[in-house]
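All remarks here apply to the structure that follows.
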Amino acid sequence: TLAYQMSTALTEQVESALSRLQQGPTAHKTYRLIQVLRAVSAEMVVVRHATGLLHGRNAHHNVWLNGAAGVDIFFVISGFVMMITPNPLLSTAHPARTFLARRSERLVPMYWIATTAKVLTLLAVPMLALSGLGHPWHVIASYLLFPTTSPLGVYGTVLTVGWTLAFKMSFYVLFAIVLASRLPRIPTLAPVLIALSFAWTIPFVARHGTLHFYANTMQLEFLYG
C-alpha cells in the first residue's frame, strides 16, 4: 500500500510538472543549466575525438574514452528540449511541418558546410585523412543524414561526428509523427523508443547495418530526457 501511494504521488508530481511545462511562458524560458551541460558535453566530445586522432597517428597518445559520454548527455538534453520547445506549435495547423523545418534550420546548414569542407579537402589532399571518402553513395547519403558504410566499415557519415545528427534526426522524425497525429507524446514515444533500444537482439536487424544503427540502447536516453 505504501509503495502504491508513493508511486501515485510521484506520478501526480510528474504530471503536474509536465502540465506547467506545457504552458506558454516556459516555452521561452532559458534553462541555464542546460546551456552549461551543452557546453560541457561538446568539450568532452571534442577532447575525445582529438585524442583519438592523435592516437591514430601516434599510438603513444592515449584516447580519452570517457569523452564519449558527452554524446549521451546531448541525447538526454534533446529529449528534455523536445518536451518544451514544440508546445507553442500544438495550437497551429501543421505542428509537425513547422517542427521539422525549425530542427532542420538549426542542424542542416552548418552540417552541410562542414561536410562539404571535408569532402573538398579530401579531394584536394587525400593524405590528410586516415581514410578516404569511400563510395559516392556514402557521400550523397551523408548529406541526407542517412548512415551508410564508411571506408572503415562503420555505419555513419563522411563527417565522423555526423552520426550523432543522423541518430537525432530519426528521433525528430518520430517526434514529428506524434505531433502530426496529436497523440500524447510520452505514452506514444516511450514504447517505440524502448522497442528500438532492444531491436538489435532480433537476428534480421543485427544483420542489417542501417537497421542496427538505429536499434541502439541510446534511444532510451531521449526517453530519459
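Full-extension gain between Tyr224 and Trp137, please, as 0.36 nm times their residue separation minus the C-alpha to C-alpha distance.
Values: separation 87, 0.36 × 87 = 31.32 nm, distance 3.44 nm.
In short, 27.9 nm is gained.
When the helix-only estimate is applied to the chain (DSSP H runs of n ≥ 4, each -39,500 (n - 2.57), divided by the residue count), what is the mean residue ellipticity at 222 nm, nearest 500 deg cm²/dmol?
Calculated at 222 nm, the ellipticity per residue is -21500 deg cm²/dmol.
Quick check: the angle from helix 69-82's long axis to the longest principal axis of the chain, C-alpha only, nearest 10 degrees?
It is inclined by approximately 40 degrees.
Report, in whole Å, the centroid distance computed from the Cα atoms of segment 162-225 and segment 76-141.
If we compute the Cα centre of each part, the gap is 17 Å.
Report, by chain and number, residues whose modeled amide H sits under 5 Å from the one on Thr148, excluding near sequence neighbours (fewer than 5 apart, same chain).
Gly156
What does the accessible area per residue of the chain come to in Å², with a 1.4 Å probe and no ligands, DNA or RNA counted?
60 Å²
Provide the per-residue ³J(HN,Hα) series for segment 157-170, in order, calculated from phi with Karplus coefficients 6.51, -1.76, 1.60 and θ = phi - 60°, each as a whole number of Hz, with x at glycine and proline positions.
Each residue's phi maps through the Karplus curve to give 10, 4, 6, 3, 6, x, 4, 5, 5, 4, 5, 5, 4, 5 Hz.
Of [x] 79, 48, 36; [y] 63, 38, 33; [z] 63, 42, 41, which is the value of Cα extents along the principal axes in Å derived from the coordinates here?
[z]
Report the local net charge at Ser104: Lys and Arg +1, Asp and Glu -1, summed over other residues whose C-beta lies under 14 Å from its C-beta.
Around Ser104, the charge tally is +4.
Give me the extension gain from Ala69 to Leu53: residue separation times 0.36 nm, minus the current Cα-Cα distance, reported in nm with one decimal.
Contour length minus the Cα-Cα distance gives 4.0 nm.
So for each of 80-88, 52-60 I average, over its residues, the number of other beta carbons within 10 Å; can you give me the resulting order with the highest mean first?
Details: 80-88: 17.1, 52-60: 11.3.
In decreasing order of mean packing, 80-88, 52-60 become 80-88, 52-60.
Heavy atoms only, probe 1.4 Å: what % of the accessible area of the chain goes to carbon and sulfur, would you let me know? Provide the component values of the computation, followed by the final result.
Details: 9260 of 13550 Å².
Carbon plus sulfur share of accessible area: 68 percent.
With +1 on each Lys and Arg Cβ and -1 on each Asp and Glu Cβ, how big is the dipole of the chain about its Cα centre, in debye rounded to the nearest 20? Don't skip to the answer; put the middle values down first.
Values: 15 positive and 6 negative charges, 78 e Å.
Rounded to the nearest 20 debye, it is 380 debye.
To the nearest 10 square angstrom, how much accessible area does Tyr172 have with a 1.4 angstrom probe?
For Tyr172, the solvent-accessible surface is approximately 10 Å².
When the scattering of segment 129-225 is computed by the Debye formula from its Cα atoms alone, each counted once and equally, what is log10 I(q)/I(0) at q = 0.17, 0.24 Å⁻¹?
So the normalised log intensities are -0.80, -1.21.
The values are calculated or read from the model by the stated rules, or taken from the named source; none is laboratory data. Remember, it's a predicted structure, so these values are computed and weren't measured experimentally. As a convention, Cβ positions derive from the backbone with ideal geometry for all residues, glycine included, and neighbour counts pool all protein chains shown. Calculation scope for accessible area: heavy atoms of the full protein, side chains included, ligands and nucleic acids excluded. Shrake-Rupley method; radii C 1.70, N 1.55, O 1.52, S 1.80 Å.
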